[in-house]
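To start, the structure itself, in structure tokens.
The values are calculated or read from the model by the stated rules, or taken from the named source; none is laboratory data. It should be emphasised that the depicted structure is a prediction, and the values quoted were computed from it without experimental measurement. Because the Cβ atoms are built from the backbone with ideal geometry, glycine has one as well, and the counts that use them run over all protein chains shown.
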Amino acid sequence: GKHHNAYVSNLNAALEKHPELAGKSLDELVTDLAGVPEDIRTAVRNNGGGHFNHSLFWTVMSPDGG
């Protein structure tokens, strides 16, 4: 949906400022926020976390989920 797409777009925009993070997975980023540069930490937490939560929600809510 729109919100999920916004999370992905905003996360990607934040990460563009730090190409050294390009090889990190979403799990690595959101579970080690101390390792994320301070200038994008909030964006990674909010948008990366939002993407993660929406992905989990849609997996659980699928006909075969849960």
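Of note:
- Tabulated pairs, segment 41-60, first part of a helix (DSSP H, G or I), second modelled with pLDDT under 80 and among the aliphatic types (A, V, I, L, M), C-beta under 6 angstrom, 6+ apart or interchain: none
- Qualifying residue in segment 12-28 (condition: surrounded by 12 or more Cβ atoms within 10 Å (Cβ to Cβ), in contact with a helix residue (DSSP H, G or I) (Cβ under 7 Å, 6 or more places away or on another chain) and not hydrophobic (A, V, I, L, M, F, W, C)): yes
- Exclusive hit being of a type in the set (Asp, Glu) and surrounded by fewer than 10 Cβ atoms within 10 Å (Cβ to Cβ), set ASP32, ASP64: ASP64
- Applying the set (1) at pLDDT below 95; (2) part of a loop (DSSP other than H, G, I, E, B) to LYS24 leaves exactly one unmet item: (1).
- Boolean, ASN47 is surrounded by fewer than 16 Cβ atoms within 10 Å (Cβ to Cβ) and within 15 Å of the chain's Cα centre (by Cα): no
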